[in-house]
1. Rank-order 49-59, 23-33 by packing density, defined as the average count of other C-beta atoms within 10 Å over each peptide's residues, highest first.
2. First check a/c for the range 36-115, with a ≥ b ≥ c the square roots of the eigenvalues of its C-alpha gyration tensor; if it is under 1.5, answer rounded, and if not, answer prolate when a/b is larger than b/c or oblate otherwise.
3. If we count every other residue with Cβ under 15 angstrom of Ile41's Cβ, Lys/Arg +1 and Asp/Glu -1, where does the sum land?
4. Could you pull out every residue, at least 5 positions away or on a different chain, whose amide H is within less than 5 Å of the one on Gly42? Hs are placed 1.01 Å off N in the peptide plane, and Pro or chain starts have none.
5. What FRET efficiency would be calculated for the residue pair Val98, Ala132, taking the C-beta separation as r and a Förster radius of 35 Å, to the nearest 0.05?
Amino acid sequence: MEHPVGVAPGPGKRLITDVRFRTELEICKEYGIPHSQFRGIGDGTWTSRDRAKALALREYQRSVCPQCGTRAEDWDDGTGDTEDAYVAIRHRCIGCQVIADKQDELKDNDTAETHGMKVLLVPAAVHAATQALKDLQRGKHHHDEDDE
């Protein structure tokens, strides 16, 4: 029996076609709760249906490439031409660019002090507040020394 393109036979086919349902189950997985409880109709006890949904999600997630997020079935339209299902585009994430630039700086200054260093993005306002606090603390220490 032929199945529509992108739809798997048997359990789990709703996970492929229903993004909202899949999102609900992913949230349930994240919080460790059964789907019935998420929907407000359960008491937190895992029913056989909840377990079947959780297992179907696991199977679906195993079929998804962890790098690109597609499934082999997404590429097979039955014609043998498997390269037209998606289009690869270029996208620049400014945050990733800033991180990569800072990581390059660490590589250029490779010393024992830079080993193990990680590059993090911190909101500018948080960074400014942290710096102001450090400056105040430094000024207080210097001021305390002057009082003695």
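1. In descending order of packing, they fall as 49-59, 23-33.
2. oblate
3. It works out to a net charge of 0.
4. Amide H neighbours of Gly42, under 5 Å, 5+ apart: Gln37.
5. 0.95
We did not get these values from a lab; they are worked out from the coordinates using the rules stated. Quick caveat: nothing in here was measured; it's all calculated off a predicted structure. In this analysis, Cβ positions are derived from the backbone assuming ideal geometry, glycine residues included, and neighbour counts consider all displayed protein chains.
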